[in-house]
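Working notes for the structure below.
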Amino acid sequence: MIHPLDNLRADHALVARACTALQAIAESVQAGCRFPAADTAVLLRFLRDFLAAVHLHKESSWLWPAIVMRGDDDAAASAGEVARLHEEVTELIHSLVLFWEPGDLSAPERAGFAAAVQALRDRIERMARIEEEVLFPACVRDVPPDDLLDWIEQFHRVEQERGGAKTWLPILDGVLARWVA
Ligand SMILES: [Fe+2]
């Protein structure tokens, strides 16, 4: 059976590819190309409906509380930092949704879009780094294996209800092919 942390690592890899695509779109928009509204909408829907509603939901419901309860002070502080970044990521996704409207953007709107994408990507990368370098090792070290027994089942339930990586892969396929080398 797949380890729950491997499930979360696989999510990180997919989210990182989506962020790379969004960054490429932001660079193209800033260079003056037409705003690719449809591709942007797919990526933002993925960040809202998968990153926030599935991946971060799994981590905030099971991983972070387990670290706060079982981990040492450093790990608990890192879980707090990730929870703070979670709020910022949610707000940035919400602000980027404002750019969904079809049609072209003014120069200040292009710059605003690129800045919001950069800020979002920075925070998503920082969260994943803290998790993979601090929280995942703390989970392996400090959380008793019995506590993890039902995580995968719970993760799959969330993925079935809301749409997991398997649901999103075919939806993202064309967008990633266009924007990720
Ligand atoms: Fe994560």
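A short reminder: the numbers here are calculations on the coordinates, not readings from a lab. Please read these numbers as outputs of a predicted model, since none were measured by experiment. Cβ atoms come from the backbone with ideal geometry, glycine included; neighbour counts cover every protein chain shown.
Against the criterion of being closer than 14 Å to Val15 by Cα and not polar (S, T, N, Q), Ile130 does not qualify. Looking at the range 1-31 only, could you name the residues that are within 16 Å of the ligand (Cβ to nearest atom), acidic (Asp, Glu) and surrounded by fewer than 15 Cβ atoms within 10 Å (Cβ to Cβ)? Of everything in the range 1-31, just one residue is within 16 Å of the ligand (Cβ to nearest atom), acidic (Asp, Glu) and surrounded by fewer than 15 Cβ atoms within 10 Å (Cβ to Cβ), namely Asp6. Evaluate the following for Asp72: is it under 30 Å from Arg141 (Cβ atoms) and not small (Gly, Ala, Ser)? Spelling it out, Asp72 is indeed under 30 Å from Arg141 (Cβ atoms) and not small (Gly, Ala, Ser). Given the criteria in contact (Cβ under 8 Å) with a residue 60 or more places away in the chain, closer than 30 Å to Phe113 by Cβ and surrounded by 17 or more Cβ atoms within 10 Å (Cβ to Cβ), does Val82 qualify? The answer is no for Val82.
Being more than 30 Å from Val97 (Cβ to Cβ) and among the acidic types (Asp, Glu) is the filter; apply it to the range 110-154 and report the residue that is nearest to the ligand (Cβ to nearest atom). By that ranking, first place goes to Glu133. Leu43 meets the conditions (1) surrounded by fewer than 21 Cβ atoms within 10 Å (Cβ to Cβ); (2) more than 12 Å from the ligand (Cβ to nearest atom) in every case but one. The failed one is (1).
Screening Val54 with (1) away from the ligand (no atom under 16 Å from the Cβ); (2) under 15 Å from the mean Cα position of the chain (by Cα); (3) surrounded by 15 or more Cβ atoms within 10 Å (Cβ to Cβ) gives one miss only, at (1).
No other residue among Arg34, Arg48 is within 9 Å of the chain's Cα centre (by Cα), surrounded by fewer than 19 Cβ atoms within 10 Å (Cβ to Cβ), touching a residue at least 12 places away in the same chain (Cβ under 8 Å) and away from the ligand (no atom under 13 Å from the Cβ) apart from Arg48.
Just wondering, is there one or more residues in the range 61-72 that are within 11 Å of the ligand (Cβ to nearest atom), surrounded by 14 or more Cβ atoms within 10 Å (Cβ to Cβ) and over 21 Å from Pro145 (Cβ atoms)? No, every residue in the range 61-72 fails to be within 11 Å of the ligand (Cβ to nearest atom), surrounded by 14 or more Cβ atoms within 10 Å (Cβ to Cβ) and over 21 Å from Pro145 (Cβ atoms).
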